[in-house]
Protein chains: 2
Amino acid sequence: MKKIFILLVILTNGLLPAQQKIQNGENFAIVIHGGAGTILKKNLTDELEKEYKDKIAQAMQAGYDTLKNGGRSMDAVVAAIKILEDSPLFNAGKGSVFTADGKNEMDAAIMDGNTLKAGAVAGVRTIKNPITAALCVLEKSQHVMMVGSGAEKFVKTCSCEFADTSYFFEQKRWDQLQKIKQTEKMESDHGFVSPVEDKDKKFGTVGVVALDKAGNIAAGTSTGGMTNKKFGRVGDAPIIGAGTYANNKTCGVSCTGHGEYFIRAVAAYDVSALMEYKGLSVEQAAAEVVMKKLKSMGGEGGLIAIDKKGNITMPFNSAGMYRGYMKGNGKKEILIFK
Amino acid sequence: MKKIFILLVILTNGLLPAQQKIQNGENFAIVIHGGAGTILKKNLTDELEKEYKDKIAQAMQAGYDTLKNGGRSMDAVVAAIKILEDSPLFNAGKGSVFTADGKNEMDAAIMDGNTLKAGAVAGVRTIKNPITAALCVLEKSQHVMMVGSGAEKFVKTCSCEFADTSYFFEQKRWDQLQKIKQTEKMESDHGFVSPVEDKDKKFGTVGVVALDKAGNIAAGTSTGGMTNKKFGRVGDAPIIGAGTYANNKTCGVSCTGHGEYFIRAVAAYDVSALMEYKGLSVEQAAAEVVMKKLKSMGGEGGLIAIDKKGNITMPFNSAGMYRGYMKGNGKKEILIFK
């Protein structure tokens, strides 16, 4: 009888962790956004809509495969964002918009919900995939945020791929800049301090949040900023707590929208705080931030989030948001409009 | 009888707002920090201790006078921080430490708890008082954060005073850089990614939080960063939510310490969130963040905070923090050690 009891103890001790691993395994999930704003069905051809959806599906699959193979959520985030950065469709990496002086200045951030370590770069110009630079800062430096040429210099310690500034030239983005500059000329009474946002109010940013089989959450965001931006403006994407946040205790969040409002609302961390301190679900917390707080401030945009159980939410208060998710149980959706 | 009743109504209607104003008036308050770290009595001569305390008293008085005269909390914050920035004693403005390549790069932020508007600059080199640049961004731009030469260009739209880079040269700071560079040379095994913080772990930053007679809270922070910093590193001071936050609903906060931890903990906003969502007092919330959360992460430093009722707290988990406060009721203290 004693022997059987001991055997049982060994068996249960040996089995429980494995069972828990399987449970976590079912819960792995990835969620993606490709920017929010005045994205209307009537302005998008069927062909272009398909292009967006196909690219989101491809990025999502890359992150999903990483997770399915037991990879880290951070690597899934980077794998998916790299594909979006390499596409001219999104305002990040190759598709980045132009600043007022005709340059591409990109920002990116990543946070590890397990260690609460974070890495961010702002105003980088020659890194092919800014999200890889953010990961480099997270993993290889004592710092969280690096800007400009200093960031580019540091990132040389990692195996990040560099690209000539000409790689980031996209005719469509260049034409957007010329159009806005013309409009601005006509609105010269606003002069030096005029709003510099897109007239069609598209907040191009890409972001990914992932939960891996080990139960670790990671969130990442990458952006080319605002067309015609001046004065070294930094938006919310590279600001930990504003555009990007992850914490295994609560959730991971990546935002897209009118960055200034997301900074003032500390939007990404606020979702986590509402869950931790008020006991809200990830859906309730994200809705509170996007549909109430940001909306009442005039802050247009949305966010994606995953909690530690794999629950996903993707609220936005604009006309549309490029978005999609895939879960370990096979559930999958890709959406653009409301 | 009717006449007396009407008269009473007029009297109470006329008196109540005035009474409320007097109540607010009694509650106005200002709190200041001049950095935290390994500040030990044995390392500070009586003369130097007096110099620090006198300068804090002078800055505090300037902010207090602004508040007493019915001025805005934002203007009190700027008035007080300008005096600390003009002193070589503190690592901000004139006393800013040197980067690895022998430059002074300063960051500052300010937030208005009434409107939740915020302004921040990072990596500026020729603005005499970086806090005035942050206020300029808050008041005159559509943006929250601007970095480098772009920020300096924008600030020319305001009446901010500029200074030649030679103005920021302080022999003491230069010697600190040479000493650290020597140490770093000896620790060459850490090489490119070595920690670049002061060996004596002083986190020089200045910050002020104020509550004015109208009941509006404002918070501001200004810093010269880390001695020998590289790669365009940005700390917590200019990050809204990390080093600086203000909200009339809850409190105003300015932090000082090992910035990376304050960013990852979203420290300043976390104090506000703990008050708003968990119902903690400003003392409880600040203690939770500084003495528990940051301490468990290894994040050394402290913060100052005022709530909407004028309650003040100044917790720190390091050996010392230059700090002081003055209240509308005349209460006043200036402290350095525990």
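Please pick out the residue among A:GLY299, A:GLY324, A:GLY328, A:GLY310 that is under 23 Å from A:ILE110 (Cα atoms), in contact with a helix residue (DSSP H, G or I) (Cβ under 7 Å, 6 or more places away or on another chain) and within 12 Å of chain B (Cβ to nearest Cβ). Explain how you work it out, then say what you get.
Values: A:GLY324 fails: within 12 Å of chain B (Cβ to nearest Cβ); A:GLY328 fails: within 12 Å of chain B (Cβ to nearest Cβ); A:GLY310 fails: within 12 Å of chain B (Cβ to nearest Cβ).
Unique residue meeting the criteria: A:GLY299.
Select from the stretch B:322-338 the residues that are in contact with a Leu (Cβ under 8 Å, 6 or more places away or on another chain) and hydrophobic (A, V, I, L, M, F, W, C) and write down the one among them that is surrounded by the fewest Cβ atoms within 10 Å (Cβ to Cβ).
B:PHE337
Return the only residue of A:LYS202, A:LYS172 being open to solvent by 50 Å² or more (accessible area, probe 1.4 Å), among the basic types (Lys, Arg), touching a strand residue (DSSP E or B) at 6+ places or on another chain (Cβ under 7 Å) and modelled with pLDDT under 90.
After applying the criteria, what remains is A:LYS202.
Which condition from (1) outside any loop (DSSP other than H, G, I, E, B); (2) more than 9 Å from chain B (Cβ to nearest Cβ); (3) open to solvent by 10 Å² or more (accessible area, probe 1.4 Å); (4) not charged (D, E, K, R) is the one that A:CYS158 breaks?
(1)
Across the stretch A:287-301, what is the total count of residues that are crowded, with 19+ Cβ neighbours inside 10 Å and either closer than 11 Å to A:GLU260 by Cα or touching a His at 6+ places or on another chain (Cβ under 9 Å) (or both)?
4
Using the structure shown, decide if B:ALA36 is within 18 Å of the chain's Cα centre (by Cα), at pLDDT 95 or above and under 28 Å from B:ASN317 (Cβ atoms).
No.
Which of (1) open to solvent by less than 10 Å² (accessible area, probe 1.4 Å); (2) assigned to a loop (DSSP other than H, G, I, E, B); (3) under 19 Å from B:ILE240 (Cα atoms) is the odd one out, the single condition B:MET111 does not satisfy?
Exception for B:MET111: condition (2).
Counting just the residues of the stretch A:263-286 that are more than 19 Å from B:ALA118 (Cα to Cα) and of a type in the set (A, V, I, L, M), which one comes out surrounded by the fewest Cβ atoms within 10 Å (Cβ to Cβ)?
A:LEU280
So which residues in the stretch A:76-101 are in a loop (DSSP other than H, G, I, E, B) and away from chain B (no Cβ under 14 Å)?
Within the stretch A:76-101, A:ASP86, A:SER87, A:PRO88, A:LEU89, A:PHE90, A:ASN91, A:ALA92, A:SER96, A:VAL97, A:PHE98 qualify.
I'd like the full set of residues that are within 11 Å of chain A (Cβ to nearest Cβ), more than 13 Å from the chain's Cα centre (by Cα) and farther than 30 Å from B:LYS179 by Cβ, limited to the stretch B:216-259.
B:ASN247
Provide a single number: the residues in the stretch B:130-168 that are touching a residue at least 60 places away in the same chain (Cβ under 8 Å) and of a type outside the set (A, V, I, L, M).
Adding up the residues that qualify gives 4.
Looking at this structure, is A:LEU274 closer than 23 Å to B:ALA267 by Cα and modelled with pLDDT of 95 or more?
So A:LEU274 fits the description; yes.
Just to verify a result, which residue in the stretch B:123-151, among those that are of a type in the set (A, V, I, L, M, F, W, C) and within 7 Å of chain A (Cβ to nearest Cβ), is nearest to A:ARG264 (Cα to Cα)?
B:VAL144
Of the numbered conditions (1) of a type outside the set (S, T, N, Q); (2) in contact with a helix residue (DSSP H, G or I) (Cβ under 8 Å, 6 or more places away or on another chain); (3) modelled with pLDDT under 95, B:VAL209 fails exactly one; give the number of that condition.
Of everything listed in (1) of a type outside the set (S, T, N, Q); (2) in contact with a helix residue (DSSP H, G or I) (Cβ under 8 Å, 6 or more places away or on another chain); (3) modelled with pLDDT under 95, B:VAL209 misses just condition (3).
So in the stretch B:214-235, with the set limited to residues that are small (Gly, Ala, Ser) and more than 19 Å from B:ALA36 (Cβ to Cβ), which one is surrounded by the fewest Cβ atoms within 10 Å (Cβ to Cβ)?
Per the stated criteria, the residue is B:ALA214.
In the stretch A:306-338, what count of residues is obtained for those that are among the aliphatic types (A, V, I, L, M), under 20 Å from A:TYR52 (Cα atoms) and at pLDDT 95 or above? Steps first, please.
The first filter runs over the stretch A:306-338 and keeps only residues among the aliphatic types (A, V, I, L, M), leaving A:306, A:312, A:314, A:319, A:321, A:326, A:334-336.
Within this subset, residues satisfying the condition of being under 20 Å from A:TYR52 (Cα atoms) are A:314, A:319, A:321, A:326, A:334-336.
Still in the running and at pLDDT 95 or above: A:314, A:321, A:326, A:334-336.
Total satisfying the criteria: 6.
Could you please tell me which pairs satisfy a Cβ distance under 6 Å, a separation of 6+ or placement on different chains, a first residue in the stretch B:241-264 that is over 17 Å from B:GLU283 (Cβ atoms), and a second residue that is of a type in the set (Phe, Trp, Tyr)?
Correct list of pairs: B:GLY241/B:TYR269; B:ALA242/B:PHE262; B:GLY243/B:PHE262; B:THR256/B:PHE203; B:GLY257/B:PHE203.
I'm checking my understanding of the structure. Among residues of the stretch B:268-284 that are assigned to a helix (DSSP H, G or I) and over 22 Å from A:GLU288 (Cα atoms), which one is farthest from the other protein chains (Cβ to nearest Cβ)?
B:GLU283
Regarding A:ILE180, is this residue assigned to a helix (DSSP H, G or I) and in contact (Cβ under 8 Å) with a residue 60 or more places away in the chain? Talk me through it step by step, then tell me what you get.
Numbers: assigned to a helix (DSSP H, G or I): yes; in contact (Cβ under 8 Å) with a residue 60 or more places away in the chain: no.
In short, no.
The values are calculated or read from the model by the stated rules, or taken from the named source; none is laboratory data. Keep in mind that what you see is a predicted model, and the values were worked out from it rather than measured. No Cβ is skipped: glycine too gets one built from the backbone with ideal geometry, and neighbour counts run over all protein chains shown. Note: accessible area is taken over every heavy atom of the protein model, side chains too, but ligands, DNA and RNA are not part of it. Shrake-Rupley method; radii C 1.70, N 1.55, O 1.52, S 1.80 Å.
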